[in-house]
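Undergrad: Below is one structure. I have some questions about it.
FYI, it's all coordinate maths here, none of it is from the lab. Bear in mind that the values here come from a model prediction, so they are computed numbers and not experimental data. Cβ placement follows ideal geometry from the backbone for every residue including glycine, while neighbour counts extend to all protein chains displayed.
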Amino acid sequence: MNILLIEINPFAPASTPISLGYIAAFLRSQGFTVKMLTLAQDTTVSLSSFRRLINSFKPALVGLSAYQRTMLYVIGFARFIKSIDSNIKIAIGGPQATFMPSAAFAEMPDIDYICRSSGEVTLLRIAQAIQGGEPFVGLAGVSYRAPDGAVFDTPELQGFRDLDAYPSPYLDDVFDYSNMKEAIMLTSRGCPHQCIYCYTPHAFKHRISFHSVDRVIEEIRWTKKKGVPRLWFADPNISFKPERLVAILDRMSTQGLETPMWLQTRADLVKPELIKQMKRAGVSTIAFGLESASERVMARLGKDLSLETVTKAIQLAQSQDIEVELFTMFGLPYETFDDAMKTLAFVRKNKVKIMGNTNSQQMQIYFGTHVARHYEDYHIRPMNSKRPGYLSIGCQYETDHMSHSDIHRIQDLWRAHSLDGGKRIVS
């Protein structure tokens, strides 16, 4: 049985579709034929070429990654796929899908499944049901719409806690390395913290799962052999277990695997010796989550981090000539215009270049976040109360402390100070 996985992001250049890569490798290990398609800012596809792909590959299942700002594209592709062959089953997964209300099916007539649990095992269960001739029997980890239009929510499906149980998309050559500028890797998944604006902790039940150090090193060695010039570690907090990261960095340094790297972690999880080891192994850029430089605002975000800690982390990295990026947001709960200006001033004072990920953005209120579930308690007023069920509040809101025009003023000020016109790599 053939399965097509599609990543859609027309707002940024193509990057390694690491999540789909894991799913593809896992499904292939279970006997399915899988093809991945990445549609990005710098890729081209026509309706006729896409139709030819569907007609030649003949997928029984298409999986689409879903994000707030790509939902209209997802829905459009689903409609076009069904117009080619109405028997193809379509599933959506990813951050927008996990906590999307099932009522959204009413406005997504071409979507058959909303994936709620770990992508690998959830897609496998769907694929096995389709292959068995009963596409809506024995499902778990999904919400689905039956042929009669009835909507059902199935029990949660647990993924593997030991990430080495998943086949490697790199070692299994799922990706095309010919034009890969950087390999995006996940050495861990999840986050144990309580940040009110973040989807990840709730999605992973405030737990972290890990790959072994051996597996990580094996993948790094393989990508280096394939000529990939740079690594991008997408772990939310790669130094959550400092001794584990030290082991990875030491083995890179001693085994000739030094490679330019980007990684992110919390500012309170770095120490002087760790920063030096990062530099020796090739870390060129490190990103910290600042969010706000107003102590009053930061104290209410559930982040449990001080400005002093962030400042020290920046200085440690800069002392080793490691470029620093800071994730920041405006439009936060209880934040005034003056609070937002403090964040811009903090970034400039600490000589962090305002470009790429340091370009600030408005807080996005996504499904599954604490602030989405309790937005009224934070005095947030949605401006899109008639939005379709597949969209969360997103950035369409104002607060008791900042009007919509205030939020736009802050955005304009950040862009005025940006070195790249406000373009960012990761949203």
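Undergrad: May I ask you to derive the FRET efficiency for MET1 and LYS225 from their Cβ-Cβ distance with R0 = 25 Å, giving the value to the nearest 0.05?
TA: 0.20
Undergrad: Hey, another quick one. Select from VAL347, GLN364, TYR378 the residue farthest towards the positive end of the dipole of the range 347-390; place +1 on Cβ of Lys and Arg, -1 on Cβ of Asp and Glu, and compute about the Cα centre.
TA: Value: VAL347.
Undergrad: Another question, if that's okay. Can you put LEU269, LEU419 in order of Cβ neighbours within 10 angstrom, beginning with the fewest?
TA: Values: LEU269 17, LEU419 12.
Listed from fewest to most nearby Cβ atoms, that is LEU419, LEU269.
Undergrad: Further question: In straight Cα distance, which lysines are under 21 Å from LYS342, not counting same-chain residues fewer than 8 positions off?
TA: LYS303, LYS312, LYS351, LYS353
Undergrad: Once you put a point 7 Å from the Cα of ALA12 and another 7 Å from the Cα of THR43, both along the Cβ direction, what distance in nm separates them?
TA: Each label point lies 7 Å from its Cα, and together they span 1.4 nm.
Undergrad: Next question, about the same structure. Sum -39500 (n - 2.57) across every DSSP H segment of at least 4 residues in the chain, then divide by the residue count to get the 222 nm mean residue ellipticity, nearest 500.
TA: Dividing the helical sum by the residues of the chain leaves -10000 deg cm²/dmol.
Undergrad: A further question on this structure: What is the log10 of I(q)/I(0) for the chain, computed with the Debye formula using one identical point scatterer on each Cα and no solvent, at q = 0.09, 0.10, 0.11 Å⁻¹?
TA: Ignoring solvent entirely, the Cα scatterers give -0.59, -0.74, -0.90.
Undergrad: Distance in nm between label sites at ALA150 and LYS349, each 7 Å beyond Cα in the beta-carbon direction?
TA: 6.2 nm
Undergrad: Starting from 0.36 nm per residue, how many nanometres of slack lie between PHE337 and ARG79 once their C-alpha separation is accounted for?
TA: Length difference between fully extended and current span is 88.6 nm.
Undergrad: A follow-up question, please. Please work out the FRET efficiency for the pair GLN318 and ARG28, using the Cβ-Cβ distance as r and a Förster radius of 41 Å; give the result to the nearest 0.05.
TA: Numbers: r = 44 Å, r/R0 = 1.06.
The calculated FRET efficiency here is 0.40.
Undergrad: Hey, if you put +1 on the Cβ of every Lys and Arg and -1 on every Asp and Glu Cβ in the range 206-324, which of MET278, ILE217, ILE314 ends up farthest toward the positive end of that dipole?
TA: ILE217
Undergrad: What list of ³J(HN,Hα) values in whole Hz, one per residue of the range 162-175 in order, does the Karplus curve 6.51 cos²θ - 1.76 cosθ + 1.60 (θ = phi - 60°) give from phi, with Gly and Pro shown as x?
TA: Each residue of the range 162-175 in turn: 8, 5, 5, 5, 8, x, 7, x, 7, 5, 8, 6, 6, 8 Hz.
Undergrad: Here's a follow-up. Taking Rh as the Kirkwood radius, which is the inverse of the mean 1/r over Cα pairs, what is the Rg/Rh value for the range 47-121?
TA: Details: Rg = 12.3 Å, Rh = 12.8 Å.
Radius of gyration relative to Kirkwood radius: 0.96.
Undergrad: Please flag any cysteine in the chain that has no other cysteine's Cβ under 4.7 angstrom from its own Cβ.
TA: Those would be CYS115, CYS191, CYS395, since no other cysteine Cβ in the chain comes under 4.7 Å of theirs.
Undergrad: Now a separate question. Excluding residues on the same chain fewer than 8 positions from LYS89, give the aspartates and glutamates whose Cα lies under 13 Å from its Cα.
TA: Straight-distance partners of LYS89: ASP110, ASP112, GLU134.
Undergrad: Of ILE208, TYR22, HIS404, which is farthest on the positive side of the dipole of the chain, counting Cα position, with +1 on Lys and Arg Cβ, -1 on Asp and Glu Cβ, and the Cα centre as origin?
TA: TYR22
Undergrad: Using r as the Cβ-Cβ distance of LEU171 and LYS276, and R0 as 30 Å, what FRET efficiency do you calculate, to the nearest 0.05?
TA: So the FRET efficiency works out to roughly 0.50.
Undergrad: OK, next. According to a simple spin-label model (label point 7 Å from Cα along Cα-to-Cβ), what is the distance in nm between THR311 and ARG52?
TA: Going from the ARG52 label point to the THR311 one covers 6.1 nm.
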